[in-house]
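Readers should treat all values here as calculations from the given coordinates under stated rules, not as data from a laboratory. These numbers were taken from a predicted model, which means no experiment stands behind them. Here the Cβ positions follow ideal geometry from the backbone for every residue, glycine too, while neighbour counts run over all protein chains shown.
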């Protein structure tokens with residue numbers, strides 16, 4: 001890998017008793033892995049750059065004597081500790097011609113070393129398809145192969161004739177052993193690579209032997225649509241989400257594959273292990289574009305972009321989804337109430353732009369506190385000042401709802417007459433509140449069983465077209481982990497770190513907006529109003 005070491009004998013020198021003197025930086029990851037497999041660690045003597053460029057590896061070894069051009073004191077000490085004697089002889093004139101002691105000799109009594117006749121090197125040819133250059137996917141695939149300890153040979157690369165055409169590539173992947181190849185293929189499958197049809201085998205299925213526990217080496221799912229090969233037929237995995245296992249069950253009409261959390265695995269199911277017989281499907285829009293070109297605000301998240309431009313696009317998406325009978329899910333934190341965003345969120349609910357609301361105990365408590373007492377966390381929402389005794393208001397709000405038995409009952413009994421959750425009840429918008437250890441009360445609607453709350457969230461986000469995440473890191477990350485590719489995610493938070501974390505989940509459907517959530521909702525409602533006016537005029 002280093003052009004200064006153009007022959008093997010300039011950076012690789014076997015020694016007596018199975019020792020090896022070599023310069024690791026001259027080799028790629030694949031070759032270093034082969035060296036490490038063949039030569040035990042205690043027998044390997046790696047060189048530093050100073051000794052390497054003085055061609056210490058281009059040495060002559062006779063018994064326990066090593067003749068070389070020059071050796072550092074450190075190298076001499078290491079060799080002496082292993083029983084060798086170093087003899088230095090000036091060969092600088094010969095170094096000018098590209099060689100040292102080894103290149104000045106012709107040995108005729110090399111000892112014979114019998115290596116195993118069977119090679120452990122494994123190969124696999126993978127197929128890639130998509131906008132491989134524009135997305136940077138081909139670079140990512142090749143870098144993954146090398147970084148994981150393999151090597152590659154590009155057998156075929158068809159760029160296509162037009163820019164809109166997809167590229168097709170076939171790459172031969174080599175690895176020093178089967179374990180490394182499996183590790184490489186596991187990562188390539190996640191990038192959308194598939195083995196050539198004549199090399200594809202059925203997925204490996206291992207039975208569940210303990211409820212809630214997957215077999216070793218189980219395949220960990222991603223957000224991308226996945227298919228598995230069972231009995232010679234590709235089967236689409238149902239319930240796609242990241243960080244799950246693929247469970248196979250057999251029915252009268254054939255096998256069924258489903259993405260399941262570890263805790264949900266049951267006896268009688270089989271789980272896909274390894275990387276054979278698995279393929280992920282990535283649409284062109286699901287491929288992240290990569291560029292090294294410098295540009296201002298070129299990152300996916302920036303607090304300096306004009307928020308109005310992003311809001312305009314989001315408004316268009318929400319209007320289109322509503323008109324086509326789609327589904328928009330909102331995940332919101334209590335900051336929505338504190339920043340005065342509740343009036344805008346209630347309008348979105350009334351106008352049928354929100355079809356599911358997810359959050360925690362806090363957003364409901366502060367929304368109800370504002371509806372009943374005009375405060376949020378004891379702050380007067382109109383005057384922006386603390387109210388005497390206001391620190392008790394949220395507990396009074398909780399108590400009022402607990403007296404009614406539920407939020408819906410409070411609306412029916414006329415106790416709750418306004419606010420976000422009032423509108424949800426009145427317009428039949430389902431909501432789910434996931435509790436935490438810090439919750440006061442909690443409200444009777446809050447699910448304090450974590451597993452129950454996760455299951456309810458997962459049920460409500462099914463078939464979502466867009467998920468709007470409003471200033472709630474915990475619930476937004478939870479929802480993001482449940483969401484498959486193809487669903488647009490919009491994360492709004494004043495903290496750029498939260499937005500970045502959500503946008504880094506591997507899909508370009510993620511849009512980050514760094515701004516005050518109250519301001520964002522206000523702009524969103526204004527833009528939707530303009531769109532409605534335009535439609536009315538037409």
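Taken along the Cα-to-beta-carbon direction at a fixed 7 Å, the label points for residue 206 and residue 25 span 4.1 nm.
Which shape class, rounded, prolate or oblate, goes with the range 414-455 when its Cα gyration tensor gives a ≥ b ≥ c as root eigenvalues, a/c under 1.5 marks rounded, and past that a/b bigger than b/c marks prolate? Numbers along the way, then the final one.
Details: a/c = 3.33, a/b = 1.65, b/c = 2.02.
Note, shape of the range 414-455 comes out oblate.
For the range 81-194, what class follows from the C-alpha gyration tensor (a ≥ b ≥ c being the square roots of its eigenvalues): rounded when a/c is under 1.5, otherwise prolate if a/b is larger than b/c, else oblate? Note, shape of the range 81-194 comes out prolate. Students often get this wrong: which residues of the range 43-67 have the backbone nitrogen under 15 Å from the point 7 angstrom along Cα-to-C-beta of residue 80? Answer for the range 43-67: 65-66. Calculate log10 I(q)/I(0) of the range 367-499 for q = 0.15 Å⁻¹, where I(q) comes from the Debye formula with a single equal point scatterer on each Cα and nothing for solvent. After summing over all Cα pairs, the log10 values are -0.88.
Please pull out the direction-averaged projected area of the range 307-537, using the convex hull of its alpha-carbon atoms, in nm² to one decimal place. Can you show the working numbers first?
Details: hull surface 50.6 nm².
Mean projected area for the range 307-537: 12.6 nm², to one decimal.
As a test of the formula, what do you get for the chain when each DSSP H run with n ≥ 4 contributes -39,500 (n - 2.57) and the sum is divided by the residue count, at 222 nm and rounded to the nearest 500 deg cm²/dmol?
Calculated from helices alone, the mean residue ellipticity at 222 nm is -9500 deg cm²/dmol.
To the nearest ten degrees, helix 307-323 and the longest principal axis of the Cα atoms of the chain are 70 degrees apart. Taking other C-beta atoms within 10 Å as the exposure proxy, 3, 452 rank 3, 452 from fewest upward. The calculated FRET efficiency for the pair residue 316 and residue 238, based on their C-beta separation and a Förster distance of 25 Å, comes to about 0.20. Seen against the Cα atoms of the chain and their longest principal axis, helix 517-537 is set at about 70 degrees.
Give me the Kirkwood hydrodynamic radius of the range 8-104 in Å, from all C-alpha pairs, to one decimal place? Walk me through the intermediate numbers first.
Working: mean 1/r = 0.0746 Å⁻¹.
Hydrodynamic radius (Kirkwood, Cα pairs) of the range 8-104 is 13.4 Å.
Extension gain, residue 155 to residue 412, is 85.6 nm, computed as 0.36 nm per intervening residue step minus the present C-alpha separation. Debye-formula intensities of the chain, expressed as log10 I(q)/I(0) at q = 0.07, 0.08, 0.09, 0.11 Å⁻¹, are -0.60, -0.73, -0.84, -1.04 (one equal scatterer per alpha-carbon, no solvent).
Computed from Cα positions, the angle between helix 450-460 and the longest principal axis of the chain comes to roughly 80 degrees. Simple spin-label estimate for residue 1 and residue 162 gives 4.1 nm between the two label positions (7 Å along the Cα-to-Cβ direction from each Cα). Projected label points at residue 350 and residue 49, each 7 Å from Cα along the beta carbon direction, are separated by 6.9 nanometres. Protection proxy ranking of 362-374, 346-358, by the mean of other Cβ atoms within 10 Å over each peptide's residues and highest first, is 362-374, 346-358. Measure out, as a whole number of angstrom, how far apart the alpha-carbon centroids of the range 31-55 and the range 314-331 sit. What the calculation gives is 59 Å, centre to centre.
Output needed for the range 122-284: three equivalent-ellipsoid semi-axes, defined as square roots of 5 times the C-alpha gyration tensor eigenvalues, in descending order, whole Å. Before the final figure, lay out each step's value.
Working: eigenvalues 169, 61, 38 Å².
Three semi-axes, in Å: 29, 17, 14.
Applying 0.36 nm per residue to the separation of residue 437 and residue 134 and subtracting their alpha-carbon distance, the gain on full extension is 104.5 nm.
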